[in-house]
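> Next up is a structure, given as structure tokens.
The values are calculated or read from the model by the stated rules, or taken from the named source; none is laboratory data. Just so it is clear, the structure is predicted and the values come from calculations on it, not from any experiment. Counting neighbours? That spans all protein chains shown, and the Cβs are built from the backbone with ideal geometry, glycine included.
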Amino acid sequence: MRRGIVTAFGTAMLVAPALAAQAPSRVLTDATREQFDEVKAYLSETAQKVPENLYTFKPTPDVRSLGQIIGHVADGNFLICSAAVGDKPPQSGIEQSKTSKADLVAALNDSIAYCDKAFARLNDQNGVETVKFFNGHQTPRILVLAFNNSHCNEHYGNLVTYLRLKGMVPPSSERGGR
């Protein structure tokens with residue numbers, strides 16, 4: 001019996017450093033990133049697909065234009081993803097300052113790339129560390145990024161409606177998605 005305990009202890013002493021040297025898990029982080037990957041593709045494809053003249057389209061006067069939604073999403077990506085990693089937003093004011101398709105597509109794609117970098121900085125271990133988020137609430141970093149996914153999906157839904165009103169098929173429907 002003593003030999004079994006010594007062998008088990010010896011094996012544990014050999015295995016523990018190897019396990020500790022392994023990269024932290026990314027199961028939760030990667031699943032959240034995969035959801036972002038889906039919606040970011042839909043957003044980017046929508047921004048590219050829509051002709052310049054529809055960037056000013058508003059279904060009613062009291063809502064954002066299609067271009068303003070794209071700018072709002074870009075602003076949101078910079079704001080929310082920077083909060084997740086504890087940085088200051090590298091850009092802001094896009095919704096109010098950019099109007100051309102080229103500028104809005106570039107800003108959206110830059111914001112997506114920024115969020116991709118935020119995901120790359122997180123893993124399941126540091127993703128559960130809390131940061132101050134909206135209204136000063138302590139929120140796990142990965143849930144801040146999950147909130148960004150929700151924000152992106154919410155506004156992609158707005159864009160889908162705008163596209164349908166103009167007789168266009170949204171990217172998600174072109175792929176047999178939603």
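> Of everything in region 25-51, what is acidic (D, E) and either touching a Ser or Thr at 6+ places or on another chain (Cβ under 7 Å) or over 17 Å from L159 (Cβ atoms) (or both)? Give them in sequence order.
Narrowing region 25-51 to residues acidic (D, E): 30, 34, 37-38, 45.
Those that are acidic (D, E) and either touching a Ser or Thr at 6+ places or on another chain (Cβ under 7 Å) or over 17 Å from L159 (Cβ atoms) (or both): D30, E34, D37.
> Filter region 113-128 down to the residues that are closer than 17 Å to D30 by Cβ and assigned to a helix (DSSP H, G or I) and list them by number.
As a first pass, look at region 113-128 and keep what is closer than 17 Å to D30 by Cβ: 115-128.
Those that are closer than 17 Å to D30 by Cβ and assigned to a helix (DSSP H, G or I): C115, D116, K117, A118, F119, A120, R121, N126, G127, V128.
> Kindly indicate which of N158, N135, N77 is within 15 Å of the chain's Cα centre (by Cα) and of a type outside the set (A, V, I, L, M, F, W, C).
Result of the check over N158, N135, N77: N77.
> Being out of contact with any Pro (no Cβ under 6 Å at 6 or more places or on another chain) and in a strand (DSSP E or B) is the filter here, so list the residues in region 129-155 that pass it. Working first, answer last.
To start, the set of residues in region 129-155 that are out of contact with any Pro (no Cβ under 6 Å at 6 or more places or on another chain) comprises 129, 131-155.
Hits for region 129-155 are V131, K132, Q138, T139, P140.
> What is the number of the single condition among (1) in a loop (DSSP other than H, G, I, E, B); (2) exposed (fewer than 14 other Cβ atoms within 10 Å of the Cβ) that A31 does not meet?
That leaves (1) as the condition not met.
> In region 80-121, what residues are crowded, with 19+ Cβ neighbours inside 10 Å, free of Cβ contacts under 8 Å to residues at least 60 places away in the same chain and closer than 21 Å to E34 by Cα?
Matches in region 80-121: S82, V85, S111, Y114, A118.
> Now a separate question. Take the conditions under 22 Å from K117 (Cβ atoms), of a type in the set (A, V, I, L, M, F, W, C) and modelled with pLDDT of 95 or more and apply them to L43. Does it pass?
Numbers: under 22 Å from K117 (Cβ atoms): yes; of a type in the set (A, V, I, L, M, F, W, C): yes; modelled with pLDDT of 95 or more: yes.
Against the criterion (under 22 Å from K117 (Cβ atoms), of a type in the set (A, V, I, L, M, F, W, C) and modelled with pLDDT of 95 or more), L43 qualifies.
> Considering only region 39-69, state which residues are without any contact (Cβ under 8 Å) to a residue 60 or more places away in the chain, buried (at least 16 other Cβ atoms within 10 Å of the Cβ) and under 20 Å from the mean Cα position of the chain (by Cα).
G67, Q68
> How about region 84-103: which of its residues are touching a Phe, Trp or Tyr at 6+ places or on another chain (Cβ under 7 Å) and in a helix (DSSP H, G or I)?
K101
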